1. Any chance you could count how many residues in the stretch 79-103 are within 21 Å of residue 127 (Cα to Cα) and surrounded by fewer than 22 Cβ atoms within 10 Å (Cβ to Cβ)?
2. Evaluate the stretch 4-18: report whether one residue or more is loosely packed, with under 15 Cβ neighbours inside 10 Å, over 29 Å from the mean Cα position of the chain (by Cα) and in contact (Cβ under 8 Å) with a residue 12 or more places away in the chain.
3. Return yes when residue 372 is in the same structural domain as residue 499 (by TED's automatic domain parsing), of a type in the set (D, E, K, R), more than 19 Å from residue 428 (Cα to Cα) and surrounded by fewer than 22 Cβ atoms within 10 Å (Cβ to Cβ) and no when it is not.
4. Residue 169: free of Cβ contacts under 8 Å to residues at least 12 places away in the same chain, touching a strand residue (DSSP E or B) at 6+ places or on another chain (Cβ under 9 Å) and small (Gly, Ala, Ser), yes or no?
5. Is the stretch 125-137 home to any residue that is touching a residue at least 60 places away in the same chain (Cβ under 8 Å) and not acidic (Asp, Glu)?
6. Consider only pairs whose beta carbons are under 7 Å apart and that are at least six residues apart or on different chains; among these, list those whose first residue lies in the stretch 378-402 and is in contact (Cβ under 8 Å) with a residue 40 or more places away in the chain and whose second residue is among the acidic types (Asp, Glu) and assigned to a helix (DSSP H, G or I).
7. Hey, among 482, 529, which residue is more than 25 Å from residue 403 (Cα to Cα) and either modelled with pLDDT of 95 or more or in contact with a Leu (Cβ under 6 Å, 6 or more places away or on another chain) (or both)?
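The values are calculated or read from the model by the stated rules, or taken from the named source; none is laboratory data. A quick note: this is a predicted structure, and the numbers were derived from the prediction, not measured. Glycine also receives a Cβ, built like all others from the backbone with ideal geometry; neighbour counts cover every protein chain displayed.
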Amino acid sequence: MENKIPRPEHPNPQFKRENWQSLNGEWNFAFDDQNQGEKNKWYQKKKLENKIIVPFTFETEASGIADRREHNYIWYQRSFDIEAEARQKVILNFGAVDYLTKVWINGSFVGSHIGGYDSFSFDISDFVSYQGKNKIIVKVEDSRSKTQPRGKQTYKKDNFLCWYTRTTGIWQTVWLEFMDQKLQFEKIKITPDIDQKEVELEYNFKAADFKTGEYKLLTEIKFEGKLINKFEFKINKNNHKYKVNLDDDNQMKLWSPEQPDLYDLKMTLYKGMKAVDQVNSYFGMRKISIEKDKIYLNNQPLYQKLILDQGYWPESLMTPPSDQALKKDVELIKKMGFNGARKHQKIEADRFYYWADKLGILVWAEIGSTYEYNDQAVENFSTQWLKVVQELYNHPSIITWVPFNESWGIEDVARDKKQQSFTESIYYLTRSIDPHRPIIANDGWEHTISDIITFHDYVENTDKLRKTYVESIDQLLQNKEVFNDQKYIEGGKFIMADNYCYQGQPIIFSEFGGIAFQNKEGWGYGEQVESKEELSRKMKKLMEIIKEADYFKGYCYTQLTDVEQEKNGLLDENREFKLDLEKIIEFNQIVER
């Protein structure tokens, strides 16, 4: 293996501390299939026998291992020097690890974390040596449990239909941050208000003791290098909140897919007259709102043309192989005439949302589902959903939260009041953090409380689709049968769960298409096609039905790329077009609202 650093870019541009150090690259590695490592004190071992390239999981070619078999107990180990001044605080960060993580530094246990999608960190200042080598040991435990939010990772022995290879272990960047020993700048929450032409900045700090006047923070807001506003305040508590006016000669810049303008944010922490920490960020001034059955972006009607994006690559599965690969996907989405993406069953690496912010696409954020309902699943899901909403809050590209999909993990939500209460609790929990973005509590069907009503339907018969979505929409929304043998779609699902009714929300066709070329070993929705011409004809007919159903406020086509055995992509796994680009653009232009 080459000893180089993959994914060397800073993993979180929205909270980019100047003083940081990547731990990506070659680590020692071992399988522990009998789960004897802790008993035998592997955290004290001098060296594990194998090698792996972090942040790629052992299932991937990019890791250097490419073992697709199930290994639910694994260990990582590497040495590192501290590239910081003595006495600085050292924070160890993980972008994401699937699923249960335990960490030791120089033989001492420093902490654990449960969850596969959210980032987490440990203060390791008391465990490291500032002179000479330090050793980090990580144990990860995973399983096929259906109570884990796992999304498209198979819960069976092998892949099947639209469920793919499991992701086990470290799958996002690992890095260190160095900061002042006494005061830690933990996070910032950024809330734009375009109507008042101001942004609310909520700062969070951590300290053992806030001594009056010892620390101050200077904030500078710039647009394209021009200073818009700056201010400073003395830090005397954990939370400080300020509203900042951005009316620069009546020229406040708005963020949109057409013009993704971003403001730069620089925050410098001073101890006395000395700068001891600096964090860079950015934000976009944009507003997403709903009035009756319409969705608005920046107070203008919004029609969403989304594509379903699973976020998998052949050589690295859930881990983007490079920052350039993420940027390319966003560029391709825009190039094809879509204005957004539904990131499906996955909380993506933060750099994806950065490129969505910077290049300008709308994003629906959707966590991976659990696949059974019990108390453990409720706890796992609620805890992790809360964390990812907090982590992703500042991204202007994210305009919709999608906690549940197609009743996965809540199979009886149509009738079971307990499961209905669960979806309501997640809805209101999300709204307690973010009252600004719409929430779709159960995307596709069997809606409980939801700001947008969505349909999933892969029927290809255009007469049937027209009967359902053009001629019979009122019956659908009242949970009445459209066909004698069909309540809603092929699976026989109603739009609304029992005890809930349609209340005039906007409606979006959030999954359809999924047309695959003939492939004996591949899988796709509906009938597979033999030629580009046949695929073009089918896509055109589907788009014409959507145009006829003029109440739709958007659509989401399945999907961006092929993923392993699922061959539904407009692009193959290597991002090569199956149809001419001009044709795809033409299809997206059929519906103009």
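1. 14
2. No, the stretch 4-18 has no match at all.
3. On the way: in the same structural domain as residue 499 (by TED's automatic domain parsing): yes; of a type in the set (D, E, K, R): yes; more than 19 Å from residue 428 (Cα to Cα): yes; surrounded by fewer than 22 Cβ atoms within 10 Å (Cβ to Cβ): yes.
Taking the combined requirement at face value, the residue satisfies it.
4. Working: free of Cβ contacts under 8 Å to residues at least 12 places away in the same chain: no; touching a strand residue (DSSP E or B) at 6+ places or on another chain (Cβ under 9 Å): yes; small (Gly, Ala, Ser): yes.
No; evaluated as a whole, the condition is false for this residue.
5. Step one: list which residues in the stretch 125-137 are touching a residue at least 60 places away in the same chain (Cβ under 8 Å), which gives 136-137.
Still in the list and also not acidic (Asp, Glu): 136-137.
Yes, the stretch 125-137 contains at least one residue that is touching a residue at least 60 places away in the same chain (Cβ under 8 Å) and not acidic (Asp, Glu).
6. Listed by first residue and then by second, the contacts come to 395/357; 396/357; 397/357.
7. On the way: 482 fails: either modelled with pLDDT of 95 or more or in contact with a Leu (Cβ under 6 Å, 6 or more places away or on another chain) (or both).
Every option except 529 fails the conditions.
Here's the yes/no breakdown for (1) crowded, with 19+ Cβ neighbours inside 10 Å; (2) in contact (Cβ under 8 Å) with a residue 40 or more places away in the chain; (3) not small (Gly, Ala, Ser):
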site	(1), (2), (3)
520	no, no, yes
525	yes, yes, yes
538	no, yes, yes
543	yes, yes, yes
554	yes, yes, no
